[in-house]
Amino acid sequence: MSSEGSLPLFPLHTTLLPGAAIGLRVFEPRYLDLVRETGRSGEGFGVCLILEGNEVGAPATPAAFGVQVKIEDFDVGADGVLQLRLRGTRRFHVEGPPPRAPPPAGGPVCGGCVLLKKHHPNTPKKKHTAGCRIAQCLTG
């Protein structure tokens, strides 16, 4: 994503900072699709705090600020659930009011975002290949 554009959002009940890592279990179809598409594009997605709602089920209302993440690694657990290791790269701000309507066709919430800061100095410079590998595994 350039300094402005649409960013798929993954609202959580936790926060993340640029340069920090977080583990994430992905099992809902809309978020498996999000991981597949962002793995192909290499753009990453946004993680932001949930203001209203839950992590599972109906789309939650995301906070207006969050962190863009890149997939560093992935695995499939013994229970068959996709497990990701994410690294925060850049802060963003969602322009306008947070989306409240369910996304089309059960997809992830997306927001028109503005990136606020350059990449964190500890962010690896090499292009992550884990996202591309995930996309290949999910598409067969």
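The values are calculated or read from the model by the stated rules, or taken from the named source; none is laboratory data. Just so we're clear, the structure is a prediction, and the values are computed from it rather than from any experiment. Cβ sites come from the backbone with ideal geometry, for glycine too, and all protein chains shown count toward neighbours. What goes into the accessible areas is simple: the full protein's heavy atoms, side chains included, and nothing from ligands, DNA or RNA. Shrake-Rupley method; radii C 1.70, N 1.55, O 1.52, S 1.80 Å.
Worth a mention:
- Above 14 Å, the calculated P(r) of the stretch 14-97 contains 66 percent of its Cα-Cα pairs.
- Taking the protein heavy atoms of the stretch 27-69 in the context of the full set of protein chains, the accessible area attributed to carbon and sulfur is 57 percent at 1.4 Å.
- Pair A64, E28: separation of 7 Å Cα→Cβ label points (nm): 2.3
- For R91, solvent-accessible area (1.4 Å; no DNA, RNA or ligand), Å²: 100
- Each residue of the stretch 18-24 was assigned a 3J(HN,Hα) from its phi angle through the Karplus expression (A = 6.51, B = -1.76, C = 1.60, θ = phi - 60°), giving x, x, 7, 10, 8, x, 9 Hz with x at Gly and Pro.
- Taking label positions 7 Å along the Cα-Cβ direction at both D75 and V56, the computed distance is 2.1 nm, reported to one decimal.
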